[in-house]
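No value in this document is a laboratory result; all are computed from the given coordinates. The structure presented is a predicted model; accordingly, all values stated were derived computationally and were not measured. All Cβ positions, even for glycine, are placed from backbone atoms using ideal geometry, and neighbour counts span all protein chains on display.
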Amino acid sequence: MTHLVHLRRAVGWLLVALLATVALVNLIGFLSPFWGHWRHPGDASQSRALLDAVAPWTAVLSLLFLLPAWHLSRTLASPLARGAVLAMGALVVVADVMVLRVAQASGDPVVAQLVSSLAAAYPFVAFLVFIWLVWRALRIEATQRIVPDAL
């Protein structure tokens with residue numbers, strides 16, 4: 001497969017992963033207060049029940065980020081760079097699991113807030129690196145197409 005096909009698939013799977021995780025969590029966060037009000041009127045703590053029920057599934061859905069990482073790694077020449085991109089994709093899953101574990105196990109809310117903030121920032125950094133790598137791969141593909149035509 002050419003690099004361009006892998007790039008196209010990487011961007012497509014990234015959009016699927018973003019829609020499955022981020023959009024789903026935001027939709028559930030929006031619907032959660034209504035769910036709590038309809039199911040248990042007068043008990044405000046029940047609005048969080050839907051978010052708590054869905055939290056483990058977001059970690060499972062974050063496995064979808066491994067597919068764009070794999071496709072993007074196929075466009076890189078260096079085995080070290082390929083491994084680094086795959087590790088970054090796997091760390092998105094680790095960050096989601098870490099947020100889930102700390103939220104459940106930590107008795108100190110300040111530590112839980114700090115760890116969840118750091119773990120939530122990692123997927124954003126991985127997204128920026130992904131965009132940079134796609135841009136780099138597109139530039140390499142464009143220069144490879146121009147150079148043979150000039151000869």
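Here are some notes:
- Top-ranked residue in the range 19-30 [being surrounded by 12 or more Cβ atoms within 10 Å (Cβ to Cβ) and without any contact (Cβ under 8 Å) to a residue 12 or more places away in the chain; ranked as farthest from the chain's Cα centre (by Cα)]: LEU19
- Among the residues making up the range 112-142, those that are more than 19 Å from GLY83 (Cα to Cα) and charged (D, E, K, R) are ARG139, GLU141.
- Cβ pairs under 7 Å, 6+ apart, first in the range 64-87 and over 17 Å from GLY12 (Cβ atoms), second basic (Lys, Arg): LEU76/ARG82
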